[in-house]
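Data block below; observations after.
The values are calculated or read from the model by the stated rules, or taken from the named source; none is laboratory data. This one's a predicted model, so the numbers in the text were calculated from it and none came from an experiment. Please note: Cβ atoms are built from the backbone with ideal geometry, for glycine as well, and neighbour counts cover all protein chains shown. What goes into the accessible areas is simple: the full protein's heavy atoms, side chains included, and nothing from ligands, DNA or RNA. Shrake-Rupley method; radii C 1.70, N 1.55, O 1.52, S 1.80 Å.
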Amino acid sequence: MPHTKRSTPSNSSLAILLFIAVAVMWIPWLGDALFYSKGEPREAIVSVAMLQSGDWILPVAGGEIPYKPPMLAWLISILALFFNGGVVNEFIARMPSAIAATAMVMATFFWAKRHHSHKFAFATALVLATSFEVFRAAEACRVDMVLTACMVGAIFMLQRLIDDDATPHRWWRRIAIVLLLSGATLTKGPIGAALPLLAVAIYALIMRSNKWLNLGKLTLYGISALMIPAIWYYAAYLHAGPQFLDLVWEENFGRLTGTMSYDSHINPFYYNFITILSGMAPWTLLVVLTAHIGWKHRSRPAAGAAMAITAALTIIIFYCIPASKRSVYLLPAYPFLAYGVATLISLAGDSAPMRAFNRIVAVLAVIAPVAIIASAIIPFGKFSFSADHWWRWCILLIPAMCGFAVLLTRDGVKSAASAFACIWAIFLCYNAAVMPAAVNPLSSKPQAETIRREAAGRPIYTLGEIATHPTYSLVYYLDNQMQVTDKAHLNDLAPGSVVIITDAADTTAVADTAAFAVRQLTPRLADTRHPAYLAIRR
């Protein structure tokens, strides 16, 4: 009994410490970086259009219907209504991903705790949070992290259903599984529910316990998970008809079978394995240094390890099938890969490879902020660090202090906790100080403000379809007020109308028209990475 009393506060303290660490690393800085690529504003303008039109089923955003189901847009819109007066800004747009990532990290902690010690679970969750691919997806206005959190949460709860088959399960847990699978489907499509069910079905067959009963239960969960999304799919079909069905078929089945009408992220078979190595950084280095230790202590995996191996392999191998491959597709595998890294950390202990990894990370924690500060004096290429607030300079010192503390303390080099502290500090430093300075100069927000001034309340157009000549960042920063036109109707535009041109070939044709004054808007538009031009109707 005395042992229990001492351990319980420690257990809860680890959970609280983990929550604070990941929340501080992500949430306060979500709005500091402007949108600087086409992906984030493309998702954000769906919510903008949803709030402007009141159409929560299939709003027309940027002149086109959304390519993905509306779960992310719903979450952004609800957050905007409750916390920002219905205005979608960068902070609100990224909040669902940060909340989903934090929830997934905490769920991973409690899942790993069921199969191992609290310290092991803490290590698993921290490895997950500080893996590069998870870190960057957690602060992006994209569907990937919301999808991943729903899929991973469903796998955790479905495994518990399989493992504790003889134990009566509470009704809310069954409802939660259906809602998570439904949420995954409403975020990306049916694959969001199918892949977790496939991974757990394979796990159930491996465990050989009531396999037919378990497969039957999983099938029922799959059918139940499609009921809520089916309502939205039917409502969206009533909105857009065959055009919507064609889009659904292409995005869900055409992408999987390689029969899409356009090439989308076509990569070779080995791409997934390369992206796993980069996505797990910096922990990939630890795996390389300690792999021989894990091999020496290999044994028959217990339930937690079996689920981790099964889920990771199922997800990675599945996404090797389609020609369309992206690093974010593999995000649901990362909690299970983190479990494997935590196993290596546990086995490595105070070994020479572990100490070497700690020293490397500590040196990096010292060098990185020094290099960033030096760039303020001597620019590195196009990057020159500049902080808009004095406290960002102070945050740059945090990883350096952690690194020096490790290098100057003999016991610090021996502890895995020192590596976690240094890596966490590096990521915090990047979010709070480096990222805004690095990406804000790349944003199209200044160009949008120029266009707004030139238009002075008059219509704003883009020449060509937005999907063909992407201008999503301008659409977002112009509050979804941009309209689509073509060369045949240019002379029909009212005097003072502003036309954005993103195809250099069109610039000459418009410039030859005496009715327009044409000038370069920017040498690099955030969406296209190419020049954009401004044409004003005389």
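Under 14 Å from the Cα of residue 38, which aspartates and glutamates turn up, not counting those fewer than eight places away in the same chain? Hits, sequence-local ones excluded: 90, 527. Close amide H partners of residue 458, meaning residues 5 or more places away or on another chain with modelled amide H under 5 Å apart, do not exist here.
Based only on Cα atoms, what Rg/Rh ratio does the range 63-201 have, Rh being taken as Kirkwood's radius?
Values: Rg = 16.1 Å, Rh = 16.0 Å.
Reported Rg/Rh, Kirkwood definition of Rh: 1.01.
Pull out the extension gain between residue 52 and residue 360, defined as 0.36 nm times the separation in residues minus the alpha carbon to alpha carbon distance; nm, one decimal.
Stretched out fully, the residue 52 to residue 360 stretch lengthens by 105.8 nm.
Note on the range 343-390 and the range 201-251: Cα centroid distance 44 Å, given to the nearest whole angstrom.
If each residue of separation counts as 0.36 nm, what is the full-extension length gain between residue 239 and residue 87 once their alpha-carbon separation is subtracted? Intermediate results must be reported in sequence, preceding the final value.
Numbers: separation 152, 0.36 × 152 = 54.72 nm, distance 2.51 nm.
Stretched out fully, the residue 239 to residue 87 stretch lengthens by 52.2 nm.
I'd like the carbon and sulfur percentage of the solvent accessible area for the range 101-212, probe radius 1.4 Å, heavy atoms only, ligands and nucleic acids excluded.
Carbon and sulfur together cover 64 percent of it.
Where the only charges are on Cβ atoms (+1 Lys, Arg; -1 Asp, Glu), what is the dipole of the chain about its Cα centre, to the nearest 20 debye? Don't skip to the end; give the middle numbers.
Values: 41 positive and 29 negative charges, 398 e Å.
Rounded to the nearest 20 debye, it is 1920 debye.
Computed from Cα atoms, the angle from the helix 303-318 axis to the main principal axis of the chain rounds to 30 degrees. For the range 358-368, 3J(HN,Hα) computed residue by residue from phi via the Karplus equation (6.51, -1.76, 1.60; θ = phi - 60°) reads 4, 5, 4, 5, 5, 4, 4, 5, 7, 5, 4 Hz, glycine and proline entered as x.
Kirkwood-type hydrodynamic radius, the range 234-369: 17.9 Å, calculated from all non-identical alpha-carbon pairs. A cut-off of 5 Å between modelled amide H atoms, ignoring neighbours fewer than 5 places along the same chain, links residue 527 with 473.
Tell me, in nm to one decimal, what length is gained between residue 170 and residue 376 on full extension, where the rule is 0.36 nm per residue of separation less the Cα-Cα distance? Show your work: numbers first, answer last.
On the way: separation 206, 0.36 × 206 = 74.16 nm, distance 5.75 nm.
The span from residue 170 to residue 376 would gain 68.4 nm if fully extended.
Shown for the range 456-522: the carbon plus sulfur share of the solvent-accessible area, taken with all protein chains present and a 1.4 angstrom probe, equals 48%.
Residues in the range 74-88 carry Karplus couplings, in order, of 4, 4, 4, 5, 5, 4, 5, 5, 7, 10, 9, x, x, 9, 8 Hz; the curve used is 6.51 cos²θ - 1.76 cosθ + 1.60 with θ = phi - 60°, and Gly or Pro positions show x. Comparing Cα centroids, the range 415-442 and the range 81-143 end up 16 angstrom apart.
Within the straight-line cut-off of under 14 Å between alpha carbons, the aspartates and glutamates reachable from residue 211 are 163, 164, 165, sequence neighbours fewer than 8 places apart in one chain being disregarded.
Scanning residues 5 or more positions from residue 84 or on other chains, none has an amide H under 5 Å from its amide H, with H placed 1.01 Å from N in the peptide plane.
Treating the angle as unsigned and between 0 and 90°, give the value, to the nearest 10°, between the Cα long axis of helix 445-455 and the longest Cα principal axis of the chain. Relative to the chain, helix 445-455 is tipped by roughly 20 degrees.
When the Cα convex hull of the range 388-483 is projected onto planes of every orientation, the mean area is 9.3 nm². The alpha-carbon of residue 325 sits under 20 angstrom from the alpha-carbons of these aspartates and glutamates, leaving out residues fewer than 8 places away in its chain: 40, 43, 133, 144, 250, 251, 263.
Sorted into 20 angstrom bins from 0, the C-alpha pair distances of the chain split as 19, 51, 26, 4, 0 percent.
When the charge dipole of the range 339-431 is built from unit charges on Cβ atoms (+1 for Lys and Arg, -1 for Asp and Glu) and taken about the Cα centre, the candidate among 352, 408, 422 whose Cα reaches farthest toward its positive end is 352.
As a fraction of the 1.4 Å probe accessible area of the range 249-399, surface on carbon and sulfur atoms comes out at 71 percent.
What share of the DSSP beta bridges in the chain is antiparallel, in percent to the nearest 5? Given both bridge residues lie in the chain, the antiparallel proportion sits at roughly 65 percent.
In the context of the full set of protein chains, residues of the range 398-538 present 44 Å² of accessible surface per residue (probe radius 1.4 Å, heavy atoms only).
The angle separating the long axis of helix 191-207 from the principal Cα axis of greatest extent in the chain is about 20 degrees. Label-to-label distance, residue 296 versus residue 484, with points set 7 angstrom from Cα along the beta-carbon direction: 6.2 nm.
Computed 3J(HN,Hα) for the range 134-142, one whole-Hz value per residue from the Karplus formula 6.51 cos²θ - 1.76 cosθ + 1.60 where θ = phi - 60°, is 5, 4, 6, 6, 6, 10, 10, 7, 9, glycine and proline marked x. Compute the normalised compactness of the range 1-152: alpha-carbon radius of gyration over 2.2 N^0.38 Å, N being the residue count. Expressed relative to 2.2 N^0.38 Å, the Cα Rg reads 1.22.
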